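Engineer: One structure, pasted below without further comment.
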Ligand SMILES: [Zn+2]
Ligand SMILES: [Zn+2]
């Protein structure tokens, strides 16, 4: 099993250091993990992300830990970058400065609104949610079309608090997934939502089904924000992909993907 979505205390809203996460992953018998620390170029939302000046420390610490644990587990260095069109060239520049294994893109804020915040969701009426969802899905489509990323994370995380996607937003996300199938960009099946009010992984079954029909590559991630959550939900995600007829997930190294057959019985159970 692989967990391609792990955060550490560097992003200011997670707990635990890199080594605690690695030890937990080894304990669980994971084959490969990827740290995917948050990074944002937008000054308005940087408080939720690693500081840009910490990137060299982050990258080189991971190189050291890769070597230290190479007999026990494969460790990848990645980033989860908040996509925003005005920062596209800054994103491209930074990702060429370091030899990352995987560059993932996501959208957490639309017009300065944290789209997954419970507080905002509680205050929002259905009409406002509908408008925000369409804006969000357009941003995801732009993220995919930027071709800056290897993976798109938690594609419909805007449903986190239990609301379903309006049809216009869903159509835009489907278009994004079709584009990914053409360019070889991977769609993350994110287990984090299993523990949110929506109680389902991101994206929803209908969108995963669409990805399988478009031959869009898939990866799996827990979105762990503390060491205890590393690997959490990955067996369920693999079961879901297989139940929809999927047989492969994609692994990355130095930003090149290669498909891997999903083993019939995932060997590790989450607590
Ligand atoms: Zn995220
Ligand atoms: Zn994340």
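All of the numbers you see were taken from the coordinates with simple rules; none came from a lab. Predicted model only: the values in this text are computed from it and were never measured. When we count neighbours, we look across all protein chains shown, and the Cβ atoms used for this are built from the backbone with ideal geometry, even at glycine.
Engineer: Provide a single number: the residues in segment 178-189 that are over 24 Å from residue 34 (Cα atoms) and not in a helix (DSSP H, G or I).
Structural biologist: Final tally of qualifying residues: 0.
Engineer: Next question, about the same structure. If a residue has to be within 16 Å of ligand 1 (Cβ to nearest atom), more than 24 Å from residue 261 (Cα to Cα) and touching a residue at least 12 places away in the same chain (Cβ under 8 Å) to count, how many in segment 22-60 make the cut?
Structural biologist: Number satisfying all stated conditions: 11.
Engineer: When the residues of segment 115-125 are filtered to those that are part of a loop (DSSP other than H, G, I, E, B) and away from ligand 2 (no atom under 16 Å from the Cβ), which remaining residue is surrounded by the fewest Cβ atoms within 10 Å (Cβ to Cβ)?
Structural biologist: Here the residue is 125.
Rundown of residues vs (1) crowded, with 19+ Cβ neighbours inside 10 Å; (2) within 13 Å of ligand 1 (Cβ to nearest atom); (3) under 19 Å from residue 14 (Cβ atoms), yes/no style:
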{"position": "154", "(1), (2), (3)": "yes, yes, yes"}
{"position": "159", "(1), (2), (3)": "yes, no, no"}
{"position": "164", "(1), (2), (3)": "no, no, no"}
{"position": "170", "(1), (2), (3)": "yes, no, no"}
{"position": "189", "(1), (2), (3)": "yes, no, no"}
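Engineer: So, one more: Residues of segment 126-177 being assigned to a helix (DSSP H, G or I) and in contact with a strand residue (DSSP E or B) (Cβ under 8 Å, 6 or more places away or on another chain), which ones?
Structural biologist: Correct list: 132, 135, 136, 139, 140, 143, 144, 146, 157, 159, 176, 177.
Engineer: Could you tell me which numbered condition residue 78 fails, if it satisfies all but one of (1) within 13 Å of ligand 2 (Cβ to nearest atom); (2) assigned to a loop (DSSP other than H, G, I, E, B)?
Structural biologist: Failed condition: (2).
Engineer: Which members of segment 1-36 meet the condition of being buried (at least 16 other Cβ atoms within 10 Å of the Cβ), over 17 Å from the mean Cα position of the chain (by Cα) and not in a helix (DSSP H, G or I)?
Structural biologist: 16, 28, 30
Engineer: Looking only at residues in segment 206-231 that are surrounded by fewer than 17 Cβ atoms within 10 Å (Cβ to Cβ) and in contact with a helix residue (DSSP H, G or I) (Cβ under 7 Å, 6 or more places away or on another chain), which one is farthest from residue 30 (Cα to Cα)?
Structural biologist: Once the filter is applied, the top-ranked residue is 214.
Engineer: Name the residues in segment 208-225 that are in contact (Cβ under 8 Å) with a residue 60 or more places away in the chain and part of a loop (DSSP other than H, G, I, E, B), would you?
Structural biologist: Across segment 208-225, the qualifying residues are 222, 223, 225.
Engineer: Go through segment 37-50 and give me each residue that's out of contact with any helix residue (DSSP H, G or I) (no Cβ under 6 Å at 6 or more places or on another chain) and either over 26 Å from residue 110 (Cβ atoms) or in a loop (DSSP other than H, G, I, E, B) (or both).
Structural biologist: Result: 42, single match.
Engineer: What number goes with the only condition from (1) under 24 Å from residue 26 (Cα atoms); (2) more than 16 Å from ligand 2 (Cβ to nearest atom); (3) surrounded by 19 or more Cβ atoms within 10 Å (Cβ to Cβ) that residue 84 does not pass?
Structural biologist: So residue 84 meets the others, but not (1).
Engineer: Please enumerate the residues belonging to segment 190-207 that are outside any helix (DSSP H, G or I) and under 12 Å from the mean Cα position of the chain (by Cα).
Structural biologist: 190, 201, 202, 203
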